[in-house]
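Novice: Before we start, here is the structure in question, set down as structure tokens.
Derivation of every value follows stated rules applied to the coordinates shown; laboratory data play no part. Remember, it's a predicted structure, so these values are computed and weren't measured experimentally. Here the Cβ is made from the backbone with ideal geometry for all residues, glycine too, and neighbour counts use every protein chain on show.
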Amino acid sequence: MIERVSATIGRYRLFTLAQRIAVAVSGGADSLCLLHILHALGYALSVAHVNHHLRGAASDADCEFVRAAAAALNLPFHHFDIHVDDVGNLEQNARAARYRALLSLIETNVADRIALGHTRSDQAETVLFRFLRGSGSAGLAAIRPATADGLVRPLLECSRADVERFLTERGIAWREDSTNRDMHLARNRMRHALLPQLTASENPALEGALARTAAWAQAEEDYWQAEIDTLAARLLTRTPHGVLCTAGEIDKLPTAAARRLIRRAIEEVKGDTRQVDFAHIEAIRQILSSRQGHGRVMLPGVDVMRSFDQVRFAPPRAHALETRNFSALCRVPGIVGLPGGSTHLRLELETSSNRYNDVVNTLDWERCAGALELRPWRPGDRYRRTGIESPVRLKELFEAGKVPLWERREWPVLHVQDEILWTRRFGPAFGCAATPESRTRLVIHEIQTAAGF
């Protein structure tokens, strides 16, 4: 078994003899076996243990057991005490907290890799569990031998039976977690009931077959990852408030590519795709292909909205469409902005320029008499656009110009006593545009700040 683990380390290039490996040891058979094998192979090791304090005295006893195991091998011992938030899924919260603690060893330059004790048996259980819940190939890829952040799994080609045989032959004791027999937990029902039953009745080599499925899916996902990287660079636009794409561009992609690109957009906004399932992805695809031109899908942690052909993936509430009752006095020259937004205007005065050719952003200053103020547009706003004597509603201009709904919330207008003199894209009001005869010109520069989301 030692040779098999050594081969796995070499095959996946998990680490080298020059690197420092922190072995995550719970006290159970898998992690204890990993510790002894890596020690026999001569790697530079330390031992890390995370105490979640979920099983009272038993948790503390596990910690002391691992401390003694590290001391017996004359290895450094890293101990983490964590208390898990019991809101939501306790098991998931504990796993996330455990990984954060372990990865801190890499972040603080104590270790180069964190070795975990997952086995081929864990891999098989994970694949079957996810298959029964309808996972796609990304889910069936299951447990990888290594991750980008430094987690490695040298036992992934060994079974749990191999592990227990290795320890028993050497007289090495291990701790049993009482929760591993709790049949209320889905992973335990999978391990102790369903998988053994299927192995006995359908395929004696089922564990290996499921592990091969994971390896196959991992190779498929590696290919798709590179493809989606290319598509995302071309079709997704990152903005201060989310990720933008064009509905038509995504809709014409092959279905497999479209689904993965949608997942990528979600991941860029919320950081992961947890709680996002097949039905969510298909609902988004439906609004992308709809002829209505408008639609919205609200997911856990992400709000997806289509307006005309534009689609925005944003954090919840980022799509709030109400406008703020706000108005700011403008100092000229100066910079003024809408509160909480990423849009600011820099206002400058010029006395001689050819900039009057910029009909959108240059006004005749002498026609801007009064206290100039900036505010967001409001429903019912009208103004007399240059070249058109009759007032027109801004909403009509938005519809004609296919301005997405989310862009309207902080759409800037400059006004004097509520008479609009200028607004983004549509320019100066009738009679306010700079001309060759204008002695002083007000030049408006729009500044987009790089606010995060």
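Novice: Please give the peptides 20-32, 251-263 ranked by average Cβ packing (other Cβ atoms within 10 Å per residue), highest first, as a rough proxy for protection.
Specialist: On the way: 20-32: 23.0, 251-263: 16.3.
Sorting 20-32, 251-263 by mean packing, highest first, produces 20-32, 251-263.
Novice: How large is ³J(HN,Hα) for each residue in region 147-162, as worked out from phi by the Karplus curve 6.51 cos²θ - 1.76 cosθ + 1.60 (θ = phi - 60°), to whole Hz, x for Gly and Pro?
Specialist: Calculated HN-Hα couplings, in order: 10, 5, 8, x, 7, 10, 9, x, 8, 5, 10, 10, 8, 5, 5, 4 Hz.
Novice: Report the label-to-label distance for GLN19 and THR351 in nanometres (one decimal), using points 7 Å from each Cα along the Cα→Cβ vector.
Specialist: Computed distance between label sites GLN19 and THR351 equals 6.8 nm.
Novice: Quote the FRET efficiency, to the nearest 0.05, computed for TYR12 versus ARG296 with a Förster distance R0 of 41 Å and r equal to the Cβ-Cβ distance.
Specialist: In this case the efficiency is close to 0.40.
Novice: Pull up the cross-link candidates among the aspartates and glutamates for LYS252, meaning alpha carbon to alpha carbon under 14 Å and not fewer than 8 places away within one chain.
Specialist: ASP309
Novice: How much net charge surrounds ALA214 when only other residues with a Cβ under 13 Å from its Cβ are counted (Lys, Arg +1; Asp, Glu -1)?
Specialist: -2
Novice: Using only Cα atoms, find the angle between the long axis of helix 255-270 and the longest principal axis of the chain, and express it within 0 to 90 degrees, rounded to the nearest 10.
Specialist: 80 degrees
Novice: Would you mind checking which residues have amide H under 5 Å from SER46's amide H? H placed 1.01 Å from N; only 5 or more apart, or other chain.
Specialist: Placed amide hydrogens put ILE21, ALA22, VAL23 under 5 Å from SER46.
Novice: The list (i) 1.36; (ii) 0.90; (iii) 1.19 gives values of Cα Rg over 2.2 N^0.38 Å, and only one came from this structure; which label was calculated from it?
Specialist: Computing Cα Rg over 2.2 N^0.38 Å and matching it to (i) 1.36; (ii) 0.90; (iii) 1.19 gives (i).
Novice: How many angstrom separate the Cα center of region 413-428 from the Cα center of region 206-231?
Specialist: 55 Å
Novice: Also: Stretched out fully, how many nm does the piece from ASP418 to ASN188 gain, at 0.36 nm a residue minus the Cα gap?
Specialist: Taking ASP418 through ASN188 to full extension adds about 76.0 nm, to one decimal.
Novice: A follow-up question, please. Return one number: the angle in degrees, 0 to 90 and rounded to the nearest 10, between the long axis of the Cα atoms of helix 206-235 and the longest principal axis of the Cα atoms of the chain.
Specialist: Rounded to the nearest ten degrees, it is 20.
Novice: Ranked by Cβ crowding within 10 angstrom, fewest neighbours first, how are THR119, THR108 ordered?
Specialist: THR108, THR119
Novice: Further question: At R0 = 30 Å, how high is the FRET efficiency between LEU198 and ILE82 if r is their beta carbon distance? Nearest 0.05 is fine.
Specialist: 0.25
Novice: Taking the Cβ of ARG55 as the center, what net charge do the other residues with Cβ under 12 Å away carry, scoring Lys and Arg +1 and Asp and Glu -1?
Specialist: For residues surrounding ARG55, the net value is -4.
Novice: Summing +1 for each Lys or Arg and -1 for each Asp or Glu, what net charge is found among the other residues whose Cβ lies under 15 Å from the Cβ of MET183?
Specialist: Neighbour charge sum, excluding MET183 itself: 0.
Novice: While we're looking at this one, here's another question. How far, in degrees from 0 to 90, does helix 57-72 lean away from the longest principal axis of the Cα atoms of the chain, to the nearest 10?
Specialist: 70 degrees
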